[in-house]
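Shown next, in structure tokens, is the structure this report addresses.
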Amino acid sequence: MRRPLRALLAAALTAAAGLTALTLAGPAQADTRICEQYGSTTIGGRYVVMNNRWGTTAEQCINVTGTGFSITSQQGVGSTSGAPVSYPAVYYGCHYTNCSPGTNLPIQVSAISSATSSINYTFVNGATYNASYDIWLDPTPKRDGVNAQEIMIWFNRQGSIQPIGSRVGSATIGGRTWEVWQGSNGSNAVVSYVAPSAISSWSFSVLDFINDVKNRGAITNSWYLTSIQAGFEPWIGGAGLGVNSFSASVNGGGGGPSTPPSSPAPGGSGCRVTYATNVWNTGYTANVTVANTGGSAINGWTLAFTLPSGQSVTGSWNTALTGTSGAITARNTSHNGSIPAGGSTSFGFQGSYGGTFAAPSAFTLNGTACTRA
């Protein structure tokens with residue numbers, strides 16, 4: 001079975017437009033309904049919930065709660081010998097530049113001392129789907145685009161569907177026995193673990209699955225864990241499916257670097273930030289230019305700043321943003337990670353505000369304070 005990488009179409013469309021969707025619905029407080037094809041929101045100040053209707057033009061809507069989501073409408077139909085129609089999910093980490101608030105991912109596998117997760121699902125009868133738990137890894141600390149290795153855990157399989165590739169054996173992980181499948185969808189390698197019977201609730205070690213894939217020679221300790229996701233792949237039907245609760249925690253201290261390597265900003269006044277805005281009514285756009293005024297190149301950058309009270313981010317481009325209000329962290333993408341001495345790079349975002357508009361008062365680049373232009 002061939003299944004294209006979820007959201008690959010979204011990446012192509014946003015690349016063509018030069019705009020990357022960060023958060024379409026805003027942080028969820030009360031229940032939030034999302035029907036936008038790639039709409040997303042944050043919950044618990046820690047996780048992102050995404051609709052991710054990548055395989056059909058038919059309607060799919062999800063209802064997002066404070067702890068998870070449920071599918072309220074699923075009109076798409078996929079071929080059971082082909083791909084599903086979507087992957088609505090909740091995740092921790094980074095997915096196509098949209099990083100969950102405060103995440104420490106990507107993190108190198110060798111640096112992980114523990115990685116745990118808990119999931120509680122609601123299943124339905126009469127639909128064709130799998131309850132799919134995804135773990136993504138890459139040789140680089142990648143926050144956007146296609147990761148090289150996908151680990152899929154099928155908590156429940158309903159209908160005549162099967163994982164990518166072919167079955168290569170069995171494994172005992174977390175005290176449970178799993179069918180193991182291995183293959184490629186043409187964009188990334190996939191190792192899938194299929195439960196012989198449905199598992200609706202489980203707390204387990206994500207690291208146990210990562211180590212099993214490592215022992216199969218698919219990855220090494222130098223690879224990076226980029227995200228942990230839990231949701232559903234529906235082929236036919238699916239209304240009523242839900243993730244009632246989800247949690248994930250990844251701790252460093254395993255012996256390697258706990259964050260992606262980046263060079264410090266050059267000493268002294270080694271960086272300068274230009275913050276240009278276009279403000280209207282209750283909305284605004286900001287174009288941020290980061291100049292390297294030091295004597296050596298910056299390879300990998302993180303710009304930190306705090307939005308004034310009442311402001312929030314609704315979209316961004318040329319950066320991976322963490323946070324939607326208050327403390328914001330902007331990181332480079334794959335194409336603008338290096339800033340040569342005397343050079344600069346730019347990114348931008350769109351937002352909303354209440355009251356009087358003001359610009360952030362300070363910026364730090366890789367931990368070093370920058371001057372303002």
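With a Förster radius of 56 Å applied to the C-beta separation of Ala359 and Asn221, the computed FRET efficiency comes to 0.85. Working note: Karplus 6.51/-1.76/1.60 with θ = phi - 60° gives region 225-231 the couplings 7, 10, 6, 10, 9, 9, x Hz, where Gly and Pro are set to x. For the chain, the relative contact order is 19 percent, taking Cα pairs closer than 8 Å that sit 6 or more residues apart in sequence and dividing their mean separation by the residue count. Residues whose amide H lies under 5 Å from that of Asn120, counting only those 5 or more places away or on a different chain, are Asn244, Ser245; hydrogens are built 1.01 Å from N in the peptide plane. FRET efficiency for the pair Ala369 and Arg167, taken as 1/(1 + (r/R0)^6) with r the Cβ-Cβ distance and R0 = 51 Å, rounds to 0.40. Take Thr282, project a point 7 Å from its Cα along the Cβ direction, then tell me which residues of region 53-89 have their backbone nitrogen under 15 Å from it. Zone members listed by number: none at all. Each Lys and Arg contributes +1 and each Asp and Glu -1, all at the Cβ; summed about the Cα centre of region 8-251, the dipole is approximately 180 debye.
The phi-based Karplus calculation (6.51 cos²θ - 1.76 cosθ + 1.60; θ = phi - 60°) puts the 3J(HN,Hα) values of region 282-298 at 10, x, 6, 10, 10, 10, 10, 10, 10, 9, 8, 9, x, x, 9, 5, 9 Hz, whole numbers, x for Gly and Pro.
Length available on full extension from Thr140 to Glu59: 0.36 nm per residue minus the Cα-Cα distance, which gives 25.6 nm. Put simply, the amide H of Asn188, placed in the peptide plane, has no neighbours under 5 Å, leaving out anything fewer than 5 places away on its chain. Rounded to the nearest 5, the antiparallel percentage of DSSP beta bridges internal to the chain is 95%.
3J(HN,Hα) couplings calculated from phi for region 77-92 with the Karplus curve 6.51 cos²θ - 1.76 cosθ + 1.60 (θ = phi - 60°) are, in sequence order, 9, x, 6, 5, 9, x, 9, x, 9, 6, 8, x, 7, 10, 8, 10 Hz; Gly and Pro show x. Helix 8-17 and the longest principal axis of the Cα set of the chain meet at an angle near 20°. Can you work out the FRET efficiency for the pair Thr72 and Ala341, with r the C-beta to C-beta distance and R0 = 51 Å, to the nearest 0.05? Step by step, r from the Cβ atoms, then E = 0.45. Helix 206-215 and the longest principal axis of the C-alpha atoms of the chain enclose an angle of approximately 80°. Per-residue ellipticity at 222 nm, computed for the chain from helices alone with -39500 (n - 2.57) per DSSP H run of at least four residues, works out to -1500 deg cm²/dmol. Which residue fluctuates most in the GNM of the chain (Cα springs below 10 Å): Tyr275, Tyr133, Tyr121? Per the Cα network of the chain with a 10 Å cutoff, Tyr275 tops the list. Close amide H pairs (under 5 Å, H built 1.01 Å from N) link Val168 with Val180, Trp181, Gln182, residues at least 5 positions away or on another chain.
Between the listed residues Ser113, Trp202, Pro84, the Cα displaced farthest toward the positive end of the dipole of the chain, a dipole computed from Cβ unit charges relative to the Cα centre, is found at Ser113.
Rg and Dmax of region 123-227, based on Cα coordinates, read 13.7, 43 Å. Going by neighbour counts of Cβ atoms within 10 Å, the residues Thr226, Thr274, Thr72, Thr128 line up, fewest first, as Thr274, Thr72, Thr128, Thr226. Modelled spin-label separation between Asn125 and Ser184, with each label point placed 7 Å from Cα along the Cα-to-Cβ direction: 4.2 nm.
When the Cα atoms of the chain are aligned to their principal axes, the ranges along those axes come out at 60, 46, 33 Å in descending order. Could you please state, rounded to a whole Å, how far the C-alpha centre of region 45-84 is from the C-alpha centre of region 287-334? When both Cα centres are located, 30 Å separates them.
Where a number appears in this text, it was derived from the coordinates with a stated rule and is not lab data. Predicted, not measured: the structure shown is a model, and the values here were computed from it. For neighbour counting, all protein chains shown are included, and Cβ atoms are generated from backbone atoms with ideal geometry for every residue, glycine included.
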